[in-house]
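Step one of this worksheet: look at the structure below.
All of the numbers you see were taken from the coordinates with simple rules; none came from a lab. Remember, it's a predicted structure, so these values are computed and weren't measured experimentally. Positions of Cβ are backbone-derived with ideal geometry, glycine not excepted, and every protein chain shown enters the neighbour counts.
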Amino acid sequence: MMAVSPSSRKRSRTFHRQGPRNVSGFAGHDWKACLFADGTGFNTHRYRTPDDGEAWSEAFLIRDGKVIRAKIVEDTWITSRRLQGETLRVRLASELGETLIEGETLGGTFRAMNAQPDNPYGRLFGVHTGVPGSLALSQSWARYRMDGNTANGLLERSILTDRLR
């Protein structure tokens, strides 16, 4: 077998979101996902409006290798700076009936979104309240329980900084 040097390898074409974001009118989001050892799982994603309504949402369950569309019936928005020990509760309705997902936050970090208008590429850690309309982005992990399964999964949420307790 012939050795391949790193310089001769084809570069993978992965695409990542880069650059500044126009988040005007965006008041936060909530994204939860987990895949359990038995192959079941879930994903929820939704966006918040400035008046605390819901601009958009989607949810899916994974069962027997199939992705099943679901509707979010109950969920928790981020409201505080607490990164550990927060109770999470999600109820989804689908063709399978109602599914309850419970969990708790295990840890994470806060990053500022659009908190440096003079440097759109700047990303500060922590919660920054000096810029009106800035968003606090929490990137975390959580332990979820669903249908007798337990596993750690993704938790990413954001909120307008002035609404964070």
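Remarks
- Pairwise label distance in nanometres, Arg82 with Ile68, each label 7 Å out on the Cα-Cβ vector: 3.2
- Distance in nm between pseudo-label sites at Arg163 and Thr129 (7 Å out along the Cβ direction from Cα): 1.7
- Distribution of pairwise C-alpha distances over region 26-163, 10 Å bins, in %: 12, 40, 31, 14, 3
- Length added when fully stretched, Leu96-Ser57, from 0.36 nm per residue minus Cα-Cα: 12.1 nm
- Counted residue by residue at 0.36 nm each, then reduced by the alpha carbon distance between them, the extension gain from Arg89 to Leu35 reaches 17.8 nm.
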